[in-house]
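A.B. asks: So that we are looking at the same thing, I have put the structure below in C-alpha cells.
The values are calculated or read from the model by the stated rules, or taken from the named source; none is laboratory data. All figures in this text were calculated on a predicted structure; none of them were measured in a lab. In this analysis, Cβ positions are derived from the backbone assuming ideal geometry, glycine residues included, and neighbour counts consider all displayed protein chains. Quick note on the areas: whole protein, heavy atoms, side chains included, nothing else; ligands and nucleic acids left out. Shrake-Rupley method; radii C 1.70, N 1.55, O 1.52, S 1.80 Å.
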Amino acid sequence: MLAVRRLAPRLLICSLFASLLAACGVNDIPTYDEAVKAGWAQVDNQYKRRADLIPNLVEVVKGFAAQEQETLTAVVEARAKATQMQIPSDILSNPDAFRQFEANQGAITQALSRLLLVVERYPDLKSNQNFLSLQAQLEGTENRIAVARRDYIQAVQTYNTELRTFPGRIWAVLLYSDMTLRETFSQPESLAAPPQVNFN
C-alpha cells in the first residue's frame, strides 16, 4: 500500500505531463503532413484515371472525325507527356517539379477542351452511346480532380500555416526540422482563356 502511495503522485505527474504535451500540438505537424500526402495521392489517382480514359475517347472520336487529326494528336501527345513524367519523391516540396507536373496536366485539360469543342461539329458522334459514356466518365473524372485538388489545397494550407505559426513553428524547429513548406496548385495563364476552335 505504501508503494502505491509513493507511485501515485509520479503517475499523476506523468499523466498530466503527457496530456499537456498532447494538447500543445506537438503531433499536429506530422498529422497535417500525412493529410497533405493523402490529398496528393488522391489528386494523382484522379489524374491517372483521366489519362486512362483518354485513349478510348480518342478512338471513338477518331472513327467519326478523322479529319480532326491535329486535335486528336494534341490530346494524345499531351497525355503521353504527362504520363511519361517521372514524378520525384520530393514533388510536394520541389517547386520546379510541381510546376512541371501542373503544366503537363494543364496541357491535357486544354487539349481535351478543344477536343470536346470539335465534337460539336459531329451530330452522329454526339449521339453515339460509346462517346456519351466516355464523355460522362470524363466529366465525372474532371469533377473528381477538382474536388481532390480542393482537398489537397486545404490540406496544404493547414500544414503550411502550422509550420509558420505558433506553437507549430517552435515544434518544427525543435522536432521536425526536415519538414518543409508544400507546394500548391495555381491556375496557369494558359488555362484562363477558353480554347479557340475554328470551324472554317
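A.B. asks: Before anything else, pin down the relative contact order of segment 15-120: Cα pairs under 8 Å, at least 6 apart, normalised by residue count, whole percent.
C.D. replies: Numbers: 43 pairs, mean separation 26.3, N = 106.
For segment 15-120, the relative contact order is 25 percent.
A.B. asks: So if we plug the beta-carbon distance of Arg10 and Ala38 into 1/(1 + (r/R0)^6) with R0 = 30 Å, what FRET efficiency do we get, rounded to 0.05? Please report the intermediate quantities before stating the final value.
C.D. replies: Values: r = 39 Å, r/R0 = 1.30.
So, using R0 = 30 Å, E works out to roughly 0.15.
A.B. asks: In addition: Any idea what diffusion coefficient segment 86-193 gets from Stokes-Einstein, in µm²/s, Kirkwood Rh on alpha carbon pairs, 20 °C, 1.002 mPa s? List each step's numbers first, then the result.
C.D. replies: Details: Rh = 16.8 Å.
Taking Rh from Cα pairs, D becomes 127 µm²/s.
A.B. asks: Please work out which option in (1) 16.4; (2) 20.6; (3) 14.1 gives mean projected area of the Cα convex hull in nm² calculated from these coordinates, and answer with its label.
C.D. replies: Derived directly from the coordinates: (1).
A.B. asks: Please work out how much accessible surface Ser93 shows to a 1.4 Å probe, ignoring ligands, DNA and RNA, in Å² rounded to 10.
C.D. replies: 40 Å²
A.B. asks: Leaving out ligands, DNA and RNA, what percent of the accessible area of the chain is carbon and sulfur, probe 1.4 Å? Provide the component values of the computation, followed by the final result.
C.D. replies: Working: 6770 of 12240 Å².
Answer for the chain: carbon and sulfur cover 55 percent of the accessible area.
A.B. asks: What is the distance, in nm, between label points placed 7 Å from the Cα along the Cα-to-Cβ direction at Thr180 and at Asn130?
C.D. replies: Going by the 7 Å Cα→Cβ label model, 4.7 nm.
A.B. asks: A follow-up question, please. Using Cα centres only, tell me the gap between segment 61-135 and segment 33-55 in whole Å.
C.D. replies: Between the Cα centres of segment 61-135 and segment 33-55 lies a distance of 16 Å.
A.B. asks: Pull up the cross-link candidates among the lysines for Lys126, meaning alpha carbon to alpha carbon under 21 Å and not fewer than 8 places away within one chain.
C.D. replies: Candidates past the 8-residue exclusion: Lys62.
A.B. asks: Then there is this: Could you tally the net charge around Gln46, taking each other residue with its Cβ under 11 Å from the Cβ of Gln46, Lys/Arg +1 and Asp/Glu -1? All intermediate terms of the calculation are to be shown ahead of the outcome.
C.D. replies: Working: positive: Lys48, Arg49, Arg50, Arg144, Arg149; negative: Asp44, Asp52, Glu142, Asp151.
My count for the surroundings of Gln46 gives +1.
A.B. asks: Working from Cα positions, state the angle (0 to 90°, nearest 10) between the long axis of helix 28-64 and the longest principal axis of the chain.
C.D. replies: For helix 28-64, the angle is close to 10 degrees.
A.B. asks: If I fit a long axis through the Cα atoms of helix 69-84 and take the longest principal axis of the Cα atoms of the chain, what angle between them do I get, 0 to 90°, rounded to 10?
C.D. replies: 20 degrees
A.B. asks: Sticking with this one: So what's the back-of-envelope 222 nm ellipticity for the chain, counting only DSSP H runs of four-plus at -39500 (n - 2.57) apiece and dividing by all residues, rounded to 500? Each step should come with its number before you reach the end.
C.D. replies: On the way: 8 runs with 151 residues, N = 200.
Theoretical 222 nm ellipticity from helices: -26000 deg cm²/dmol.
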